[in-house]
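Engineer: One structure follows; several queries about it will come next.
The values are calculated or read from the model by the stated rules, or taken from the named source; none is laboratory data. All values reported here derive from a predicted model rather than from experimental measurement. No Cβ is skipped: glycine too gets one built from the backbone with ideal geometry, and neighbour counts run over all protein chains shown. Remember, those area values only see protein heavy atoms, side chains included, never the ligands or the DNA or RNA. Shrake-Rupley method; radii C 1.70, N 1.55, O 1.52, S 1.80 Å.
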Protein chains: 4
Amino acid sequence: MSEVDSADMGPWLSPDDMEYVRRKVPILYVDVVPVRLDSLGHVDAVGMLLLALDGTIERSFPTGRVLFHESLREALARHIDKDLGAMSLPQLPASLTPFAVSEYFPTPGTGLYDARQHAVSLAYIVPMQGDCHPGSDSLEFSWFTPGELRIPELQAELKEGHDVLLREAMAQLGIA
Amino acid sequence: MSEVDSADMGPWLSPDDMEYVRRKVPILYVDVVPVRLDSLGHVDAVGMLLLALDGTIERSFPTGRVLFHESLREALARHIDKDLGAMSLPQLPASLTPFAVSEYFPTPGTGLYDARQHAVSLAYIVPMQGDCHPGSDSLEFSWFTPGELRIPELQAELKEGHDVLLREAMAQLGIA
Amino acid sequence: MSEVDSADMGPWLSPDDMEYVRRKVPILYVDVVPVRLDSLGHVDAVGMLLLALDGTIERSFPTGRVLFHESLREALARHIDKDLGAMSLPQLPASLTPFAVSEYFPTPGTGLYDARQHAVSLAYIVPMQGDCHPGSDSLEFSWFTPGELRIPELQAELKEGHDVLLREAMAQLGIA
Amino acid sequence: MSEVDSADMGPWLSPDDMEYVRRKVPILYVDVVPVRLDSLGHVDAVGMLLLALDGTIERSFPTGRVLFHESLREALARHIDKDLGAMSLPQLPASLTPFAVSEYFPTPGTGLYDARQHAVSLAYIVPMQGDCHPGSDSLEFSWFTPGELRIPELQAELKEGHDVLLREAMAQLGIA
C-alpha cells in the first residue's frame, strides 16, 4: 500500500486502501429515495434501480459512499447524477437531517448485514423534476405507485436494508 | 347566529361564527417559510412579507387558518397562492411532518400571544421555484440572505412568534 | 345553545357546542404511541388499548382532543394520565415536532375517515417508565414486541388510521 | 504501520492508523446535547462540559467517534458514560434520526473546521435522569437555563461548531 499513490487519487481510494480502511472505521454512505410529487406534494411514485450484482438481480435505491472532503450534498448530487442521469433535475433537500439512518455490520445477525464493511447510511427523500435514466451500473430505473409499493413481492426484490428503507420512506411520505 | 346562514358559507365562517368558535377550541394554522435554494439545496435566501396591521408595520411569514374539510396541503397551497402569487411555483413538502409547531394563547404571559384566539400552527419550509409577488394583503415581499437573517434588527421586525419561527427555520436550514 | 352555560364549563364543551364547532373548523388531537425502551433506546414493546366502541372491539393508541387554552404537552399528559394511569411515568418529548400528522375527514373516500368531524392529529412517541393501567374507557392495555407488531392480523385490529400510525411509528423506531 | 498490531487493538486505532484513515474517509461522530426536562417535557436546562484543549479553555457538548463495529446507540452510551459518569442515567433516543448533522472539513473556509479530519457528526438530544459528573477529560460539567443559553457570551465559549449545535438544539427544544 503506497500512500503516495493513493494520495494521487484524490478522494478516491485504491482497492487496497479501501479494504484497509473498511476494517478500521465505519464508512459513511448516503441513500436517495427518488420521488415524483404532484403539485400539492402528494407522492405519485417512488423510483428504484434494478441491478445485477454478484450473479443476482435485485432492486436498490441510489446509494453510495461519501468521499473524503466531499459534503453530504455533493455526495447526493454525485450519486444522483451517476445513477439517474444529468437530466433528472433533483430538488436536493433544504435540511441535512436525514429521514432515516441505517447501520450495516459485517457480522451476520447484528442487524443489517454488509459483508464488505461497517456502514452508516443517511437517507434523503429527493423529488425529481426531470427525466431519470439509469447509469451504466444498473439495468433499469422504474417508478412505482403507492399501491405497487405496498406489494410484499416488490418489497422482497429490494436488496438488504432497502426494503426497510422503503417502508421508512412510505411512512415519511404518508403512504404507510 | 344562524347555522343555516353559516352553513351556506361552506368552510368559511361568518365573523360571529369565527368569534364564537375561537373561544371554544384551538384553531389550526399553517406557517410557510419560503426559501430559494441553489442546485445543491443550500439556502440562498428566505422570504418574508411586510404587512401593515392595526397601524403598525411588521414582517411576517405567509400564514393562515386551515378551513373545515381542507387538507393541510390544500391550506398551504391556498395561502401561498394568496400571499405569494400564482407564479411562485412552490415545491410543497413530500412529508406532512412540520419542522416546527407554534402555540399561541389569548392570555399574555403563557408563551406566544394572540389576542384573538388559541392557535396551533404547523410550519413548513417551502422552496419557491418561480417569482413571488405579494398579494393585496401585504406591502411587499422580500428575500433575505443568511447573513441578513442573523441581524437582530431584522429579526425584531418580525411579528410575535415569527422571530422564533425564523430561528427555528435557520436551525433546520443549517444557518443557525 | 347557550354561550353562558358553555362558558361555565371552561375548556370543556357541551354536546351541542361540540357538535356545532365540529362542523366549523378542524379539531386538533394528539396521539400517543407508548413505548418501553431498553437502556440503549431500542424499543422492547409498543403499547395499545383495547376499546369497546359502538358495539365493536378494536385496538387504539391513546388519543384525544386538545382543549381550548390547553398546551399540547398538557393535552399529552392529561390523555396519558386518563388512559394509562397516574403510575405510567411518561417521559414527555423534549420537542413538540410530531413524528407523524394524521388528517381525518367526515366524508368517506377522502383519506382517513371520522364520521364525527374533520380532525388533525399530532402523534408523539412517549417512553413509559412506570406501570400502565387502562382507565375506565378501555378494556385492557397490552404491550406488543416488534415481532408481534409486524403481524397483519394485529395491525388489522387497530381502529381507522391507527394502523397507519403504527407503521409510521415502527419506521421511526427502526423496526419497519 | 502494522495491520497485525492495529488488528490486536480491536475497534481502537493506533495513532498511526488513525492519522492514516483520517486522510482517506470522513470520520463518523456522535454529539450529545444533555438536557434536564420537567414532567411535561419542557427543558429546564442544557448541559455542557468545560475542557482544556491545546492551551485554551472552551465549552463543548459530549462528542466522540463511532468505532468500527460499534452501533450509534453504543457510541452514544459509551461517550455519555465517559463524559458524564455512570450515574447520569441517560434516556437514549427511541429514534436514530438525529436532530442535526454537522460537517467539519480540514480546510479552513469550507464550513466548520477541524484541522485533524473530515468529520460528520450526528447529534441527539438526550434527557438525563441522574447526576452528571465530568470524566477525567474535562474540568467541569454545568447546567444552563434557557435564559442563560441565549447569552451571546456563553455561546461564544463553545468550541467550533458547538455554538451552531446549541442554537439548533434550542430550536428543536422550542427555546430559540
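Engineer: Can you name the residue in the stretch D:16-37 that is at pLDDT 95 or above and more than 7 Å from every other protein chain (Cβ to nearest Cβ) and, of all such residues, is farthest from D:LEU166 (Cα to Cα)?
Structural biologist: The selected residue is D:TYR29.
Engineer: Out of the stretch C:38-65, which residues are touching a Phe, Trp or Tyr at 6+ places or on another chain (Cβ under 7 Å) and within 14 Å of chain D (Cβ to nearest Cβ)? Explain how you work it out, then say what you get.
Structural biologist: We begin by selecting, within the stretch C:38-65, every residue touching a Phe, Trp or Tyr at 6+ places or on another chain (Cβ under 7 Å); these are C:45-49, C:63-65.
C:ALA45, C:VAL46, C:GLY47, listed by residue number.
Engineer: Could I ask something else about it? Given the condition closer than 18 Å to C:LEU166 by Cβ and small (Gly, Ala, Ser), answer yes or no: does some residue in the stretch A:143-160 qualify?
Structural biologist: no
Engineer: While we're on this one: Here is a check on your reading of the model: is B:LEU40 surrounded by fewer than 19 Cβ atoms within 10 Å (Cβ to Cβ), aliphatic (A, V, I, L, M), farther than 26 Å from A:GLY174 by Cβ and at pLDDT 95 or above?
Structural biologist: Values: surrounded by fewer than 19 Cβ atoms within 10 Å (Cβ to Cβ): yes; aliphatic (A, V, I, L, M): yes; farther than 26 Å from A:GLY174 by Cβ: yes; at pLDDT 95 or above: yes.
Here the answer is yes, as B:LEU40 does meet what is asked.
Engineer: To continue, here is another question. Take D:LEU72 and decide whether it is under 24 Å from A:VAL30 (Cα atoms) and within 11 Å of chain C (Cβ to nearest Cβ).
Structural biologist: Numbers: under 24 Å from A:VAL30 (Cα atoms): yes; within 11 Å of chain C (Cβ to nearest Cβ): yes.
Spelling it out, D:LEU72 is indeed under 24 Å from A:VAL30 (Cα atoms) and within 11 Å of chain C (Cβ to nearest Cβ).
Engineer: Counting only residues that are more than 9 Å from every other protein chain (Cβ to nearest Cβ) and either over 20 Å from D:TYR29 (Cα atoms) or in contact with a His (Cβ under 6 Å, 6 or more places away or on another chain) (or both), how many does the stretch A:113-125 have?
Structural biologist: Total meeting the criteria: 4.
Engineer: Let me ask something additional. Of the residues C:ALA94, C:ALA123, which single one is crowded, with 18+ Cβ neighbours inside 10 Å, among the aliphatic types (A, V, I, L, M) and not in a loop (DSSP other than H, G, I, E, B)? Explain how you work it out, then say what you get.
Structural biologist: Details: C:ALA94 fails: not in a loop (DSSP other than H, G, I, E, B).
Going through C:ALA94, C:ALA123 in turn, just one is crowded, with 18+ Cβ neighbours inside 10 Å, among the aliphatic types (A, V, I, L, M) and not in a loop (DSSP other than H, G, I, E, B): C:ALA123.
Engineer: Which residues, counting only those in the stretch B:108-120, are outside any strand (DSSP E or B) and open to solvent by 60 Å² or more (accessible area, probe 1.4 Å)?
Structural biologist: From the stretch B:108-120, those outside any strand (DSSP E or B) are B:108-111, B:114-118; that's our starting set.
Once the filter is applied, which keeps residues that are outside any strand (DSSP E or B) and open to solvent by 60 Å² or more (accessible area, probe 1.4 Å), the stretch B:108-120 yields B:PRO108, B:GLY109, B:THR110, B:ALA115, B:ARG116.
Engineer: What number goes with the only condition from (1) over 22 Å from D:LEU37 (Cβ atoms); (2) crowded, with 21+ Cβ neighbours inside 10 Å; (3) without any contact (Cβ under 8 Å) to a residue 40 or more places away in the chain that C:PRO152 does not pass?
Structural biologist: Evaluating C:PRO152 over (1) over 22 Å from D:LEU37 (Cβ atoms); (2) crowded, with 21+ Cβ neighbours inside 10 Å; (3) without any contact (Cβ under 8 Å) to a residue 40 or more places away in the chain leaves (2) as the failure.
Engineer: Of all residues in the stretch C:97-107, how many are more than 14 Å from chain D (Cβ to nearest Cβ) and either open to solvent by 40 Å² or more (accessible area, probe 1.4 Å) or not charged (D, E, K, R) (or both)?
Structural biologist: Total satisfying the criteria: 6.
Engineer: Let me ask something else about it. Among the residues of the stretch D:72-97, count how many are touching a helix residue (DSSP H, G or I) at 6+ places or on another chain (Cβ under 9 Å) and more than 25 Å from D:LEU139 (Cβ to Cβ). Let's see the steps before the verdict.
Structural biologist: Kept after step one, since they are touching a helix residue (DSSP H, G or I) at 6+ places or on another chain (Cβ under 9 Å), are these residues of the stretch D:72-97: D:88, D:90, D:92-97.
After this cut, where a residue has to be more than 25 Å from D:LEU139 (Cβ to Cβ) as well, the list is D:92-97.
Residues meeting the conditions: 6.
Engineer: Against the definition (within 14 Å of chain D (Cβ to nearest Cβ) and of a type in the set (Gly, Ala, Ser)), how does C:ALA86 come out, yes or no? Write out each step before concluding.
Structural biologist: Values: within 14 Å of chain D (Cβ to nearest Cβ): yes; of a type in the set (Gly, Ala, Ser): yes.
Answer is yes for this residue.
Engineer: State the number of residues belonging to the stretch C:52-73 that are touching a Leu at 6+ places or on another chain (Cβ under 7 Å) and surrounded by fewer than 20 Cβ atoms within 10 Å (Cβ to Cβ).
Structural biologist: Of the residues in that region, 3 qualify.
Engineer: Does the stretch C:161-174 contain at least one residue that is open to solvent by less than 60 Å² (accessible area, probe 1.4 Å) and free of Cβ contacts under 8 Å to residues at least 24 places away in the same chain? Spell out the reasoning first.
Structural biologist: As a first pass, look at the stretch C:161-174 and keep what is open to solvent by less than 60 Å² (accessible area, probe 1.4 Å): C:161-166, C:168-174.
Retained after the next criterion (residues that are free of Cβ contacts under 8 Å to residues at least 24 places away in the same chain): C:163, C:171.
Yes; the residues of the stretch C:161-174 include at least one that is open to solvent by less than 60 Å² (accessible area, probe 1.4 Å) and free of Cβ contacts under 8 Å to residues at least 24 places away in the same chain.
Engineer: Here's another thing I want to ask about it. Given the conditions (1) within 24 Å of B:GLY41 (Cβ to Cβ); (2) open to solvent by 40 Å² or more (accessible area, probe 1.4 Å), report the number of the one that A:THR145 does not fulfil.
Structural biologist: All conditions pass for A:THR145, except number (1).
Engineer: Considering only residues that are within 21 Å of B:TYR29 (Cα to Cα) and part of a helix (DSSP H, G or I), which ones fall in the stretch B:129-175?
Structural biologist: B:HIS162, B:ASP163, B:VAL164, B:LEU165, B:LEU166, B:ARG167, B:GLU168, B:ALA169, B:MET170, B:GLN172
Engineer: For the stretch B:78-113, enumerate the residues that are touching a residue at least 12 places away in the same chain (Cβ under 8 Å) and out of contact with any strand residue (DSSP E or B) (no Cβ under 7 Å at 6 or more places or on another chain). Before the answer, list the steps.
Structural biologist: Initially, the stretch B:78-113 is screened for residues touching a residue at least 12 places away in the same chain (Cβ under 8 Å), giving B:78-80, B:82-85, B:87-93, B:96, B:98-106, B:112-113.
Once the filter is applied, which keeps residues that are touching a residue at least 12 places away in the same chain (Cβ under 8 Å) and out of contact with any strand residue (DSSP E or B) (no Cβ under 7 Å at 6 or more places or on another chain), the stretch B:78-113 yields B:ARG78, B:LYS82, B:GLY85, B:MET87, B:PRO106.
Engineer: So if I check each of B:GLY135, B:GLY130, which one is of a type in the set (Gly, Ala, Ser), more than 16 Å from B:VAL33 (Cβ to Cβ), in contact with a strand residue (DSSP E or B) (Cβ under 9 Å, 6 or more places away or on another chain) and at pLDDT below 95? Even if it seems obvious, please write down each step before you answer.
Structural biologist: Working: B:GLY130 fails: at pLDDT below 95.
From the options B:GLY135, B:GLY130, the qualifying one is B:GLY135.
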